[in-house]
Amino acid sequence: MIAEDLVLLRDGIARAIAAHGFEVVAEVGDAGALVDEVALQRPDLVITDVRMPPGFTDEGARAARVLRERFPGLAVVVLSHVVEPELALLLASEHPGGFGYLLKDRVMQVDEFIAALRAVAAGGTVVDALVVERGLARRQAPLRVLTERERDVLAALARGRSNLAIAQELFVSERTVDAHLRSIFTKLALPQDADANRRVQAALLWLAGE
C-alpha cells in the first residue's frame, strides 16, 4: 500500500514496485485514508510519506506509529525529503524490525529502493545512508568506548549491511565481524536479547549518537 499526496510520485512508485513483483492493493493521499485502508486491506507492507494532508507536518509518521502498534508484523517504509535522525530513531525503536526510513531521492535509484523494500518486508531495518551520516555527526560519549574498527563495523551495521557484507566491505573475515559485534554489544551494555534486536539497538544508538 502506498500513501503519498503527490499523485505523480505515488503513481511512479506504484509502477516501479509493480514491475518488480509487488502487488499494490491501494493508493491513498492522506494519513486518515492510510489508516482506514490498512484496516480494510491488511497489506504486508506500507510505503508512506512523512508529511501529508491536512497539516503537512508529521501525519504520515504518526499514522505509521499507530499502524505498527495496531497491526504487529506490518512492515512500514517511511519516505522523507529531509534528514531527521531523531524521527527515524523514534519510529524504529518502538517496534524493531520491519521498518525503513528512506529519503525520497532514493526512490529514483530503483534497484536500491526495491532492495530496501524487500529487506523491510522480510523483517529487516533499513535506514537511509544520509540519515545515518547525520547521526554519526552527533555521536556522544558512550560510543567513544569503541575502537576505530568497532566503529567501522557499527557504522556499516547501521547502514543495513549483513555480517558478510560488512566483512567484504572491511576486508576481514565474517568471524572477525562476529567478534567485533559481540564486543560492541558488551561495551554498549545491550541486554542479552535476540541478536536481531541487539543489532537494531546498536545501530539506533550509533544513529542517535547516544
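Hey, among Leu74, Leu45, Leu67, which residue is touching a Pro at 6+ places or on another chain (Cβ under 8 Å) and within 23 Å of Ala14 (Cα to Cα)?
Result: Leu74 is the single residue among Leu74, Leu45, Leu67 that is touching a Pro at 6+ places or on another chain (Cβ under 8 Å) and within 23 Å of Ala14 (Cα to Cα).
Name the single residue, out of those in region 162-210 being modelled with pLDDT of 90 or more and not in a helix (DSSP H, G or I), that is surrounded by the fewest Cβ atoms within 10 Å (Cβ to Cβ).
Applying the filter and picking the extreme gives Phe171.
Which residues, taken from region 36-72, are more than 24 Å from Leu103 (Cβ to Cβ) and of a type outside the set (D, E, K, R)?
Residues satisfying the conditions are Ala39, Leu40, Gln41, Phe71, Pro72.
What number of residues within region 69-81 satisfy the criterion of being aromatic (Phe, Trp, Tyr) and buried (at least 19 other Cβ atoms within 10 Å of the Cβ)?
The qualifying residues number 0.
Tell me which residues, restricted to region 82-92, are under 13 Å from the mean Cα position of the chain (by Cα) and either within 13 Å of Val38 (Cβ to Cβ) or surrounded by fewer than 13 Cβ atoms within 10 Å (Cβ to Cβ) (or both).
If the condition is that a residue be under 13 Å from the mean Cα position of the chain (by Cα) and either within 13 Å of Val38 (Cβ to Cβ) or surrounded by fewer than 13 Cβ atoms within 10 Å (Cβ to Cβ) (or both), then no residue fits.
Mind checking whether some residue in region 48-68 is surrounded by fewer than 17 Cβ atoms within 10 Å (Cβ to Cβ), of a type in the set (Asp, Glu) and either in contact with a helix residue (DSSP H, G or I) (Cβ under 8 Å, 6 or more places away or on another chain) or within 23 Å of Arg118 (Cβ to Cβ) (or both)?
No, every residue in region 48-68 fails to be surrounded by fewer than 17 Cβ atoms within 10 Å (Cβ to Cβ), of a type in the set (Asp, Glu) and either in contact with a helix residue (DSSP H, G or I) (Cβ under 8 Å, 6 or more places away or on another chain) or within 23 Å of Arg118 (Cβ to Cβ) (or both).
Is it fair to say Asp111 is at pLDDT below 95, in the same structural domain as Pro43 (by TED's automatic domain parsing) and farther than 20 Å from Val83 by Cβ?
Considered against the rule, which asks whether it is at pLDDT below 95, in the same structural domain as Pro43 (by TED's automatic domain parsing) and farther than 20 Å from Val83 by Cβ, Asp111 comes out as yes.
Having 3 or more residues that are touching a residue at least 24 places away in the same chain (Cβ under 8 Å) and touching a His at 6+ places or on another chain (Cβ under 6 Å) is the bar; report the helices (runs of 4 or more DSSP H) wholly within region 1-108 that clear it.
Those helices (runs of 4 or more DSSP H) do not exist here; none qualify.
State the number of residues belonging to region 13-24 that are more than 21 Å from the chain's Cα centre (by Cα) and buried (at least 16 other Cβ atoms within 10 Å of the Cβ).
0
The values are calculated or read from the model by the stated rules, or taken from the named source; none is laboratory data. Just so we're clear, the structure is a prediction, and the values are computed from it rather than from any experiment. Neighbour counts run over all protein chains shown; Cβ positions are idealised from the backbone, glycine included.
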